[in-house]
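The values are calculated or read from the model by the stated rules, or taken from the named source; none is laboratory data. It should be emphasised that the depicted structure is a prediction, and the values quoted were computed from it without experimental measurement. FYI the Cβ positions are ideal-geometry reconstructions off the backbone, even for glycines, and counts take in every protein chain you see. Note: areas computed on protein heavy atoms with side chains; ligands, DNA, RNA excluded. Shrake-Rupley method; radii C 1.70, N 1.55, O 1.52, S 1.80 Å.
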Amino acid sequence: MEKINDFIPGSLNVIAGPCSVEGYDSLYHSALALKEIGIRYIRGGAYKLRTSVHSFRGLGDSAILHLAQVAKETGLKTVSECTQTDKVEFMAEHIDILVVGTRNMHNYPLLELLGKIDNPVILKRGIAATYDEWMAAAEYIVENGNPNVILCERGIRTFEPETRYTLDISAIQVMKQKTGLPVIVDPSHAAGKRDLVPSLACAAIAAGADGLMIECQIKPCESICDANQTIEPDTLKQLLDAIPDLRLHLSRMEL
Ligand code: PEP
Ligand code: MN
């Protein structure tokens, strides 16, 4: 399959879509709405690592095939989390960008295998990982032969219970300087609440993030997974409209 190299540091890369793929039709209709507002990358989880064994664990392989079919129909690029080594080959064939979720940042056999594929890999920060630990995890992928690593700050665990995690804005510039890799931000999992998502996303852009990963679908409240933090395409559109100004101010500061 065609590999992508158009995830460019410094350009606006916004990945949006449901927390998990919940069925072909809902994914397809969300994809159309996202395409309409200019989104080029759709996300959707297939193998969900849930804290509770009783929670929805994703549609598995069929979710990956739904994403691939939606990509074919819409021309969107796909992004999905790879949770285990025996799914790397299958996912690399069907999905454009693979994600290492926060719970797997220290899964070294998985990182090594992701170093052997050509697809870009988004490496999310572990909930309690230091910058150096996160950078060391990225090196596992790069040293095994895949330089296309994109770091994703998604909030860390602190003593504050009001938000789901605490978004570490400093991570953006620190990790860009330390690694030279693109850094994107997931405000959805950091916030855990949809009304906080636009402001955290703007803060990330203002701090120099190379992109965003946001949970968004046409019927956010009906999401089986992470409904409280999922936004509507209309809200995302307003956010996208605000971004060029934020970036212009940033470039004027010549930081
Ligand atoms: C997700 O992106 O759906 C997800 C589970 O993210 P994280 O690994 O950051 O919790
Ligand atoms: Mn989620």
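Quick check on this structure: which one of Thr51, Thr78 is of a type in the set (Val, Ile, Thr) and at pLDDT 95 or above? Before you say what the answer is, go through the steps one by one.
Numbers: Thr51 fails: at pLDDT 95 or above.
Result: Thr78 is the single residue among Thr51, Thr78 that is of a type in the set (Val, Ile, Thr) and at pLDDT 95 or above.
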Looking at Leu167, Leu196, Leu200, which one is away from ligand 1 (no atom under 12 Å from the Cβ), open to solvent by 10 Å² or more (accessible area, probe 1.4 Å), modelled with pLDDT of 95 or more and touching a Leu at 6+ places or on another chain (Cβ under 7 Å)? Leu200
Note on segment 37-73: residues assigned to a loop (DSSP other than H, G, I, E, B) and of a type in the set (S, T, N, Q) are Thr51, Ser52, Ser55
For residues that are at pLDDT below 95, part of a loop (DSSP other than H, G, I, E, B) and open to solvent by less than 30 Å² (accessible area, probe 1.4 Å), scanning just segment 1-36, find the one that is farthest from ligand 2 (Cβ to nearest atom). Ile4
Members of segment 37-93 found to be under 22 Å from His106 (Cβ atoms), β-branched (Val, Ile, Thr), more than 16 Å from ligand 2 (Cβ to nearest atom) and in contact with a helix residue (DSSP H, G or I) (Cβ under 7 Å, 6 or more places away or on another chain), listed by number: Thr85, Val88
Pairs needed: first member in segment 70-88, at positive phi; second member anywhere, assigned to a helix (DSSP H, G or I); C-beta distance under 9 Å; at least 6 residues apart or different chains. Gly75/Lys35
Kindly provide the set of residues from segment 228-243 that are out of contact with any strand residue (DSSP E or B) (no Cβ under 7 Å at 6 or more places or on another chain), touching a residue at least 24 places away in the same chain (Cβ under 8 Å) and either open to solvent by 90 Å² or more (accessible area, probe 1.4 Å) or over 21 Å from Ile122 (Cβ atoms) (or both), ordered by number. Asn228, Thr235, Lys237, Gln238, Ala242
How many residues are away from ligand 2 (no atom under 16 Å from the Cβ), in contact with a Leu (Cβ under 8 Å, 6 or more places away or on another chain) and not in a helix (DSSP H, G or I) if we restrict to segment 124-155? 5
